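Accompanying notes for the structure given below.
The values are calculated or read from the model by the stated rules, or taken from the named source; none is laboratory data. No experiment lies behind these values; they were computed from the predicted model shown. With ideal geometry, Cβ positions are generated from the backbone for all residues, glycine too; neighbour counts draw on all protein chains shown. Each accessible area value is taken on the protein alone, full model and side chains, heavy atoms only, with ligands, DNA and RNA left out. Shrake-Rupley method; radii C 1.70, N 1.55, O 1.52, S 1.80 Å.
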Protein chains: 2
Amino acid sequence: MKTDLDDIDRRLIAILQNDGRRSFKEISEETGIPASSVRYRVQRLEESGTLQIVGVADPLRIGFDRLALVGLKCEMGKARLVCEELSKLPETSYVVLTTGPFDVMVEVVCRDVAHYTEFLHDRLPKQDGIIGAETFFVLEAYKLAYGWGVGDAPADSTGDAGDEPSAEPEGAPTT
Amino acid sequence: MKTDLDDIDRRLIAILQNDGRRSFKEISEETGIPASSVRYRVQRLEESGTLQIVGVADPLRIGFDRLALVGLKCEMGKARLVCEELSKLPETSYVVLTTGPFDVMVEVVCRDVAHYTEFLHDRLPKQDGIIGAETFFVLEAYKLAYGWGVGDAPADSTGDAGDEPSAEPEGAPTT
DNA sequence: AATGAAATTTAAACCAT
DNA sequence: ATGGTTTAAATTTCATT
């Protein structure tokens, strides 16, 4: 549960955010840190849950054509319960508790409109605590970045290599 | 710009969604597909933008505490331009064109409230085509999944290994 | 906890089908 | 597009500081 990263950790994360398969040796050459140390650090980051190296597939290209963002209004005091329950559903890929006009925002990934309809009209109404839902269908995805923040992280004393901070599938939208 | 994946592609994606650094040789043994073919396929998936292998850092553990979803109303015909431009900003991690009350939805990751304020009040207004913005601050993130859909993809004739479909940082909310 | 050097494993390039 | 083979490179292990 360590939360304190040093500049080396941040540099390693920044590099891996761009390319999760960069070899430790290349990272070593790029940073001047010994390869075995790079590996040691990365392993620690992974084990602590701070960093995950994963394959990310563009849902719009793999047959899951219907992405929707859904804003939910919940009964007072029920929003967290709603979050917990919706997190368990396979269709949800993003569930957060928010301030503002909606209490909960959810991203739902469906194969097609029928799949979404079933989700919205059969599944959601069964969930206790939800008052209303507003659907935002995703027409085009311009940026789906999973590399957060480290690229322009607080003061990098190790000397920044000027890497791009985030990883997008492509410059152009995917439809 | 191929969009048609076969079952082999889907299996490779499913495996890499769980662990982006699995060696091609291991994948080869697991699937029975020759290692050179595995590499060839993965390379194609990456080059076509279908799959990305990236390091994902938990923003709430690396000092980027302020996540916000922002719904934007745009001038008629300007929404795509807005998407393109906002995608270029380092603070945005998610930019999509939507139907519904908002034309564009954006996820913004900031270090602190001051950083977000600067983004919302200094940077956004300079962008042509935006009429209005509504902020949903993320209080708690319950699910941040990067593995989309493939886990329960349409009929897998190659014989599914029963891997977990998605990768969440944690079951409980991160605050 | 971090590093260096060894042995082992893996990936990349190539070529044939 | 696939599969095999070889060469070069990277990872892992383990001893050392």
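In region B:1-112, counting only helices (runs of 4 or more DSSP H) that sit wholly within it, the ones holding 2 or more residues that are among the β-branched types (Val, Ile, Thr), more than 10 Å from every other protein chain (Cβ to nearest Cβ) and more than 15 Å from A:Tyr142 (Cα to Cα) span B:24-31. Here A:Leu81, A:Leu69 are screened, and the one residue that is assigned by TED's automatic domain parsing to the domain that holds A:Phe119, away from DNA strand D (no atom under 16 Å from the Cβ) and crowded, with 23+ Cβ neighbours inside 10 Å is A:Leu69. Looking at A:Gly132, A:Gly159, A:Gly100, just one residue is at positive phi, modelled with pLDDT of 95 or more and surrounded by fewer than 21 Cβ atoms within 10 Å (Cβ to Cβ), and that residue is A:Gly100. Cβ-Cβ distances below 9 Å connect the following pairs, each with a first residue in region A:23-51 that is under 18 Å from B:Leu60 (Cα atoms) and of a type in the set (D, E, K, R), a second residue that is open to solvent by 70 Å² or more (accessible area, probe 1.4 Å) and more than 9 Å from DNA strand C (Cβ to nearest atom), and a separation of six or more residues or different chains: A:Arg44/A:Lys2.
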